[in-house]
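Below is one structure, written out as structure tokens; the observations come after it.
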């Protein structure tokens, strides 16, 4: 793990990466934070994000950059497949996110929680937890129970471990009713408090930098292929032109020889 990088002196930009399972409410959470529909229709909570998507907006005096990611916690995905998607996320949140918002629906199933902890550390290293806030999403399902009561019930050991890893940093977001004027400002306050505790730094682990380097290497290779193709086309065009000239010269020689022969006969 390498040292984290400092936030830009202006401190006006806050970069957040939304993580979580399909159906957890990542898109709805992003829309709620930005206050508008930017990540697709809320009517499709199970919609699958195929590639990381970046959206920006001014919220509570801050310029927010939100990156929604695919379901990297799907058991069927290999780490190699995930790393390719992480590369795009790296570019969209460069030079690094100030916070990972790990979106977990209230009353999640064991399947949704299982493997999240291990996969997070595989993708971003153990140091990512110091930059992670759990975002519990719900649609008015907490009317009769507080999130504290839900957590104290101890329904899931996996969830308890994730909360502990994050230093008990979590926030509850109602993704159905956006009339709660305080829920988004309070979330951003928690994120900024975490950033302050991290000495005004954003997340920039060696894994994150390796993914970024991989993207740059791929871009370099693509550019090299393009240049080689362009050069090959130019060479082919030049060879074709020279061949046409040579053929023209050969035809010219034949014509001249025939013409000289006719002159000799006449003489």
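The values are calculated or read from the model by the stated rules, or taken from the named source; none is laboratory data. Note that this is a predicted model, so its numbers are computed, not measured. Ideal geometry is used to build each Cβ from the backbone, glycine not excepted, and the neighbour counts take in all protein chains shown.
Structure notes:
- Only listed residue being exposed (fewer than 15 other Cβ atoms within 10 Å of the Cβ) and assigned by TED's automatic domain parsing to the domain that holds residue 51, chosen from 80, 113: 80
- Residue match in the stretch 145-166 (condition: in contact with a strand residue (DSSP E or B) (Cβ under 9 Å, 6 or more places away or on another chain), outside any helix (DSSP H, G or I), surrounded by 13 or more Cβ atoms within 10 Å (Cβ to Cβ) and at pLDDT 75 or above): yes
- Flag for residue 221 being under 30 Å from residue 36 (Cβ atoms), assigned to a helix (DSSP H, G or I) and at pLDDT 65 or above: no
- When residue 191 is tested against (1) modelled with pLDDT under 70; (2) touching a strand residue (DSSP E or B) at 6+ places or on another chain (Cβ under 8 Å); (3) part of a helix (DSSP H, G or I), only condition (1) is not met.
- Identity of the residue in the stretch 74-109, over 29 Å from residue 189 (Cα atoms) and in contact with a helix residue (DSSP H, G or I) (Cβ under 7 Å, 6 or more places away or on another chain), that ends up modelled with the highest pLDDT: 82
- Verdict on residue 70 being in contact with a helix residue (DSSP H, G or I) (Cβ under 6 Å, 6 or more places away or on another chain), assigned by TED's automatic domain parsing to the domain that holds residue 191 and modelled with pLDDT of 75 or more: yes
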